[in-house]
Amino acid sequence: MMISIVNGHANRVKVVFAGIGLLGLAVCVAGWIFAPGEFFVSYLFAHEFFLGISLGSLGLLMIHHLTSGYWGYSVRRFLESAVGTLPLLALLFVPIFFGLPYLYPWKNPSIVAEDEILRSRISYLNTPGFIVRSALIFAIWTLMAHFLLKWSTDQDVTTLVEPTRKMRTLSGPGLVIYPVTMTFAALDWLMSLEKDWYSTMFAVMICIGQMLSALAFVILLLSIGTRTRQFAPIISIEETLHKIGNLLLAFTMLWAYLEFGQLLITWSGNLPNEISWYLNRVAGGWRWMCVFLFLFNFFIPFFLLLMRPVKRRVQTLATIAGCILVAHIADVWWTIAPSLHPERFYFTWWAVVAFLGIGGIWSAAFLRNLENRPVVPLNDPRFAVAMPA
């Protein structure tokens with residue numbers, strides 16, 4: 001039995017998402033031509049959000065393979081379907097290569113000439129290096145995803161434990177490779193949006209945010225799946241929700257801890273090259289974005305998830321997950337946009353267009369992947385042990 005969380009209308013939904021995506025990308029071409037400055041910051045924002053869900057799903061999937069937690073069997077197909085979109089996201093990243101002068105100060109010779117720190121980094125921050133590192137990073141992510149999905153498919157058709165062992169063996173080093181590669185990606189794609197800023201914790205914060213958003217995303221899908229009988233063989237609704245709710249609480253706390261820890265250390269040091277990133281994000285209207293993120297990405301979810309009954313009600317947990325996911329969209333925009341528009345709150349409708357364009361294509365690919373996999377992870381010996389009596 002294949003997954004169909006949309007009550008038999010999967011093909012129609014895929015066509016709708018694909019249509020929205022193609023229309024959005026077509027309009028993006030106009031933005032590329034007539035408003036490249038606004039377009040490229042919007043495109044980078046949209047791409048980073050959906051890439052975050054796919055990479056966060058990759059991290060959660062490897063955690064599940066290592067720990068064999070019962071929570072993972074109910075969302076494993078969702079995670080695998082999101083991971084399967086990484087080759088598409090690699091292709092969708094290509095337009096960024098044409099927008100480097102509109103995004104990064106190291107592509108502006110006049111800025112580089114006046115900034116000593118940028119001049120010292122020019123041997124690393126240059127167009128060939130940026131393209132080669134990006135291609136290599138996507139190749140590593142795609143390769144890990146390929147083997148995890150291949151062995152998962154092999155597991156469904158054989159009773160041998162070899163595919164299960166291979167997935168677990170890869171997941172150990174994979175959980176090291178993921179943040180290491182994300183360090184280079186975050187440095188190139190996000191940190192270098194600022195002239196002089198750097199942070200050793202930034203990549204870790206990005207990884208935790210990605211896994212938090214991916215977990216919120218699959219919880220929303222699980223809430224839809226529980227309305228059908230397809231998940232009955234693999235989940236005890238309340239127990240599964242409680243475990244996933246605890247995991248959501250843990251990632252919410254970890255995200256807040258890392259964000260506040262970096263802010264506290266940076267603010268206390270008060271060094272110009274370090275504090276500039278935060279100064280750009282607490283000035284003008286951006287400060288209200290900070291308040292929004294504090295309330296809806298931590299404070300409200302944190303206190304609600306402390307209550308056991310909240311985590312055992314599917315609609316309540318889904319509402320909290322939706323709140324976190326919306327807040328993460330704002331967080332990605334808050335991470336990127338102030339680097340280019342620090343003086344005032346900035347938003348452009350091109351961000352909506354790019355979000356719909358990339359999001360539509362990504363969602364159609366996600367649903368296609370989801371349809372092609374059994375709802376139950378077949379022949380997984382750990383699943384048989386984990387099944388409640």
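The values are calculated or read from the model by the stated rules, or taken from the named source; none is laboratory data. This is a predicted model, so every value here is computed, not measured. Here the Cβ is made from the backbone with ideal geometry for all residues, glycine too, and neighbour counts use every protein chain on show. Areas reflect the complete protein model, heavy atoms only, side chains present, ligands, DNA and RNA absent. Shrake-Rupley method; radii C 1.70, N 1.55, O 1.52, S 1.80 Å.
Things worth noting here:
- Residue-count net charge about L340 - beta-carbon cut-off 10 Å; Lys, Arg +1, Asp, Glu -1: -2
- Among E114, E239, E371, the sequence by solvent-accessible area, most first, with a 1.4 Å probe is E114, E239, E371.
- In region 163-298 the Cα-Cα distances spread across 10 Å bins starting at 0 as 10, 29, 33, 18, 9, 1 percent of all pairs.
- Extended-chain gain in nm, criterion 0.36 nm per residue less alpha-carbon gap, S268 and F184: 27.6 nm
- Taking the helices alone, the chain has a mean residue ellipticity at 222 nm of -25000 deg cm²/dmol, built from -39,500 (n - 2.57) per DSSP H run of at least 4 residues and averaged over all its residues.
- Under the span-like rule (Cα at least 15 Å along the axis, Kyte-Doolittle mean at least -1.0), DSSP H helices of the chain: 10-34, 36-67, 71-83, 127-157, 162-189, 202-225, 237-269, 314-340, 349-371
- The candidate values are [x] 24.1; [y] 21.8; [z] 34.4; the one derived from this structure for Kirkwood radius over Cα pairs in Å carries the label [y].
- If you run the Gaussian network model on the chain, springs between alpha carbon atoms under 10 Å, then out of P36, P87, P309 the most flexible one is P309.
- Working from Cα pairs under 8 Å separated by at least six residues, relative contact order for region 189-344 is 39 percent.
- Among the trypsin sites (Lys or Arg not before Pro) in region 282-389, those placed in a DSSP loop whose Cβ has at most 11 other Cβ atoms within 10 Å are R344.
- Take the chain with all the other protein chains still there, run a 1.4 Å probe, and you get 42 Å² of accessible area per residue.
- Assuming charge only on the beta carbon of Lys and Arg (+1) and of Asp and Glu (-1), the dipole of the chain about its Cα centre is about 1060 debye to the nearest 20.
- For region 244-389, a crude dipole built from +1 on the beta carbon of Lys and Arg and -1 on the beta carbon of Asp and Glu, taken about the Cα centre, is about 460 debye to the nearest 20.
- Order by protection proxy (mean Cβ within 10 Å, highest first), peptides 259-265, 194-200: 194-200, 259-265
- Cross-link partners for K195 among the lysines, with Cα-Cα distance under 18 Å and sequence neighbours closer than 8 places in the same chain left out: K107.
- Sulfur and carbon atoms: percent of accessible area, the chain [1.4 Å]: 71 percent
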